[in-house]
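A.B. asks: The following block contains the structure, expressed as structure tokens.
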Amino acid sequence: NLWNLENDLQKTYSWFRPELNLKKTNDKSTISLTLQAESGHLENTLNKNSENDKSYLYLIPSLWYQYEFQTGRRIMATYSSSVNTPNINQLLPISNTINPLSVYSGNPDLKPEYSHQFNSHYILFDQFSFTSLMANVSGTYIKNKINWDRTVDNNLAMTNTLKNFDYDYKLSGNIDFSTPIRKLGLKIHINLDENWNRGLNLINQVENEFTNLSHRASFSIDNRKKEKWDVNTGVAVTISDSKYTVQKSLDNTYFDMSWFGELRFTPGDSWNFEVNTDITNYTDKSFGEAYQVPLLGAEISHFFLKNKRGTLALKGFDLLNQNQIIRRFGELNYLREIRSNS
């Protein structure tokens, strides 16, 4: 079990990056282009014996563009590329048998990951109606993605190592909208999130393609005039969809729903009172059981000294003693749940 102490692995990555920058600016737009190449040499030495000695050449350009239509309206777009070399634990070709049911060993023949990222933003803010709209779309493509190569025997013991795969795709989008409703003295806020990921791994030498898709929508309202009272409340729904080509029995769609609220009362310049609450429901589909986590917090603050520069506050966190962290998501070829008390 002292495998990590008895072996000496050294990783050396040296690189040379020539670069050319071009930039153009006018009254409404700015564009910046960087042309860069990376000539890299990766060398791994295990116990003074060379395990890997390879050279690579990559083109890693980047682009940044911004255009302002008029005051409060503009678009931005960026593209970048990068090289990510495997870390020392991913390269070490020695079996870690601390857990005999899940043996791990690295792969000294791993290649660097070559990734491309794209981001686009649209921003609108109307200073007369106080309406705002922000939209974002981003994507990532990774060539030679480092992912799992797993073998499971009849006793369900796993042998885990790593391998380069042809691709890994990620795509995400977000829309954030807010506007006042003057007749009701309210302001509404709507947020939509979409995330998609597709990649590959190996299970018993069979290629498994996994696809994860998640949706999140939230709606909240708050009062516009906040002289003494500040009230904010809303709901959020998250839906996750996971699919696998090897283990179709794990294909699943599950959702979580939450309600949140915050109340603040400031009767004068010396006192402040706050109460906040959050109730999240986690469904039981494909998991052991359903959960409902109610959170309640409160705060009392007193301001004193000259110009109210002193503050004395009493805060209560999780007054119902119900807080626990729950995270659920599809990963590789399985569904995963993490629970911890907080």
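A.B. asks: Can you give the Rg and Dmax of region 29-144 based on its C-alpha atoms, in angstrom?
C.D. replies: 22.2, 70
A.B. asks: With the dipole of the chain worked out from charges on the C-beta (+1 for Lys and Arg, -1 for Asp and Glu) around the Cα centre, which of F273, G199, S115 lies farthest toward the positive end?
C.D. replies: It is F273, whose Cα lies furthest towards the positive end.
A.B. asks: Still on this structure, please answer the following. Run the paramagnetic zone check for M134: 7 angstrom along Cα to Cβ, then residues of region 53-87 with backbone nitrogen under 14 Å.
C.D. replies: Counting only backbone N, you get 73-76.
A.B. asks: If you roll a 1.4 Å probe over the heavy atoms of the protein chains, what accessible area per residue do you get for the chain, in Å²? Let's see the in-between values first.
C.D. replies: Details: 20920 Å² over 342 residues.
Result: 61 Å² per residue.
A.B. asks: Can you tell which of S115, S218, S270 shows the greatest fluctuation in a Gaussian network model of the chain with Cα springs below 10 Å?
C.D. replies: S270
A.B. asks: So how much accessible area does E207 have, in Å² to the nearest 10, using a 1.4 Å probe?
C.D. replies: 110
A.B. asks: Then there is this: If DNA, RNA and ligands are ignored and the probe is 1.4 Å, what is the ranking of I98, I60, I175 by accessible area, most exposed first? Can you show the working numbers first?
C.D. replies: Numbers: I98 105, I60 15, I175 80 Å².
Heavy-atom accessible area, descending, gives I98, I175, I60.
A.B. asks: With all protein chains present and a 1.4 Å probe, how do D222, D251 order by accessible area, largest first? Show your work: numbers first, answer last.
C.D. replies: Working: D222 30, D251 55 Å².
Result of the area sort, largest leading: D251, D222.
A.B. asks: At 0.36 nm per residue, and after removing the present C-alpha to C-alpha distance, how many nm does the segment from A37 to E207 gain when stretched out fully? Could the numbers behind the result be given before it?
C.D. replies: Values: separation 170, 0.36 × 170 = 61.20 nm, distance 3.27 nm.
Contour length minus the Cα-Cα distance gives 57.9 nm.
A.B. asks: Of all the accessible heavy-atom surface of the chain, with the other protein chains kept in place and a 1.4 Å probe, what percent is carbon and sulfur?
C.D. replies: Details: 11530 of 20920 Å².
On the chain, the fraction of accessible area on carbon and sulfur atoms equals 55 percent.
A.B. asks: Using only protein heavy atoms and a 1.4 Å probe, report how much of H41 is accessible, in Å² to the nearest 10.
C.D. replies: The value for H41 is about 60 Å².
A.B. asks: About the Cα centre of the chain, what is the dipole size in debye to 20, counting +1 per Lys and Arg Cβ and -1 per Asp and Glu Cβ, all else neutral?
C.D. replies: Values: 36 positive and 37 negative charges, 268 e Å.
Here the size comes out at about 1280 debye.
A.B. asks: While we're on this one: Between T30 and L124, what length in nm is gained on full extension when 0.36 nm per residue of separation is reduced by their alpha carbon distance?
C.D. replies: On the way: separation 94, 0.36 × 94 = 33.84 nm, distance 1.81 nm.
Here the answer is 32.0 nm.
A.B. asks: Sort W15, W64, W148 by accessible area with a 1.4 Å probe, largest first.
C.D. replies: Working: W15 135, W64 95, W148 70 Å².
Heavy-atom accessible area, descending, gives W15, W64, W148.
A.B. asks: Over 21 Å between Cα atoms: which of K11/K170; K11/K54; K24/K170; K187/K228 fall into that group? Let's see the in-between values first.
C.D. replies: Details: K11/K170 29 Å; K11/K54 12 Å; K24/K170 31 Å; K187/K228 17 Å.
Among K11/K170; K11/K54; K24/K170; K187/K228, the Cα-Cα distance tops 21 Å for K11/K170; K24/K170.
A.B. asks: If you take the square roots of the eigenvalues of the alpha-carbon gyration tensor of region 43-100 and sort them as a ≥ b ≥ c, do you get rounded (a/c under 1.5), prolate (a/b over b/c) or oblate?
C.D. replies: Numbers: a/c = 7.98, a/b = 2.59, b/c = 3.08.
Judged from the Cα gyration tensor, region 43-100 comes out oblate (a/c at least 1.5, b/c at or above a/b).
A.B. asks: Calculate the FRET efficiency for D153 and N7 from the Cβ-Cβ distance with a Förster distance of 41 Å, rounded to the nearest 0.05. Don't skip to the end; give the middle numbers.
C.D. replies: On the way: r = 26 Å, r/R0 = 0.63.
Plugging the Cβ-Cβ distance into 1/(1 + (r/R0)^6) gives 0.95.
A.B. asks: Expressed in nm to one decimal, what extension gain is obtained for the pair R309 and A217 from 0.36 nm per residue of sequence separation less their Cα-Cα distance? Let's see the in-between values first.
C.D. replies: Values: separation 92, 0.36 × 92 = 33.12 nm, distance 3.97 nm.
Using 0.36 nm per residue and subtracting the Cα-Cα distance, I get 29.2 nm.
A.B. asks: How many percent of the alpha carbon pairs in region 100-229 exceed a separation of 18 Å? Show your work: numbers first, answer last.
C.D. replies: On the way: 5782 of 8385 pairs.
Percent of Cα pairs beyond 18 Å in region 100-229: 69.
A.B. asks: Moving on to the next point. Under 8 Å for C-alpha pairs, at least 6 residues apart: give me the relative contact order for the chain, rounded to a whole percent. Walk me through the numbers on the way to the answer.
C.D. replies: Details: 868 pairs, mean separation 26.7, N = 342.
Relative contact order of the chain: 8 percent.
The values are calculated or read from the model by the stated rules, or taken from the named source; none is laboratory data. Keep in mind the model is a prediction, meaning the values are calculated, not measured. Positions of Cβ are generated from backbone atoms using ideal geometry, with glycine treated the same way; all protein chains shown enter the neighbour counts. The area values use the complete protein model at the heavy-atom level, side chains included, leaving out ligands, DNA and RNA. Shrake-Rupley method; radii C 1.70, N 1.55, O 1.52, S 1.80 Å.
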